[in-house]
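Enquirer: This is the structure, below, for whatever I ask next.
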Amino acid sequence: MTARSTAEAVWENDLAKGSGRVRFESGGIPESPVSWAARIERGPGKTSPEELLAAAHAACFSMALAAQLGRNGTPPRRLSVRATATFDRAGEGWKVTSMELDATGIVPGVEASRFEELARAAKDGCPISQALRGNVELRLTARLASA
């Protein structure tokens, strides 16, 4: 089974003065404005490629961890994943330098050490992690919460 996902960006004017918008073919996410300022200054109501990447990684990792926990016989009651992409100067340009995953789970029947082990395996197996590996530092914090 092959799945293809498509998004479109439209940009007007130069980098500093310009702005654009991204549209998602599925319609699952509303069209969103983007700008250079949104990348480095974090303004309300606009997104950035890095925020979109962080959202993709949080969603992908949460699914990978749910799968790992299910195969372990301890499906999660709830997983909360926060992904933070760091965008910084690198030489003459800019780059995503790191991605931090912070996962908290409510998972009956699993020990904290096993949860952390399964979270590491999910990080390594997540397709977005695999796409970033070797180019972006990946960090993970995983902990259990009480129900």
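Derivation of every value follows stated rules applied to the coordinates shown; laboratory data play no part. These figures come from a predicted structure and were not determined experimentally. Reconstructed Cβ throughout: ideal geometry from the backbone, glycine too, with neighbour counts over all protein chains shown.
Enquirer: Which residues does the label zone of Ala55 cover in region 16-35, counting backbone N under 14 Å from a point 7 Å along Cα→Cβ?
Expert: 21-35
Enquirer: Arrange Met63, Met1 by Cβ neighbour counts within 10 Å, fewest through most, would you? Before the final figure, lay out each step's value.
Expert: Details: Met63 16, Met1 2.
Ordered from fewest to most neighbouring Cβ atoms within 10 Å, Met63, Met1 come out as Met1, Met63.
Enquirer: Next question. To the nearest 20 debye, what charge dipole does region 49-144 have about its Cα centre, counting +1 at the Cβ of each Lys and Arg and -1 at the Cβ of each Asp and Glu?
Expert: For this selection, approximately 320 debye.
Enquirer: Right, here's the next one. Give me Rg/Rg_expected for the chain, where Rg uses Cα atoms only and Rg_expected = 2.2 N^0.38 Å with N residues.
Expert: Values: Rg = 17.4 Å, N = 147, 2.2 N^0.38 = 14.7 Å.
Output field value: 1.19.
Enquirer: On a 0 to 90 degree scale, rounded to 10, what angle separates helix 49-71 from the longest Cα axis of the chain?
Expert: 20 degrees
Enquirer: Sort Asp102, Asp88 so that the residue with the fewest other Cβ atoms within 10 Å of its own Cβ comes first and the one with the most comes last.
Expert: If I rank by nearby Cβ atoms, fewest first, I get Asp88, Asp102.
Enquirer: Among Lys17, Lys123, Lys46, Lys95, what is the fewest-to-most ranking by other Cβ atoms within 10 Å?
Expert: So the ranking, lowest neighbour count to highest, is Lys17, Lys95, Lys46, Lys123.
Enquirer: Starting from the Cα of Lys95, draw a straight line to each of the aspartates and glutamates and keep only those under 18 Å, dropping any in the same chain fewer than 8 residues away.
Expert: Glu41, Glu50, Glu51, Glu137
Enquirer: Separate question: Going by alpha carbons, how many degrees (0 to 90, nearest 10) lie between the helix axis of 112-125 and the longest principal axis of the chain?
Expert: 40 degrees
Enquirer: Between Ile106 and Ala66, what is the label-point separation in nm under the 7 Å Cα-to-beta-carbon projection?
Expert: 1.5 nm
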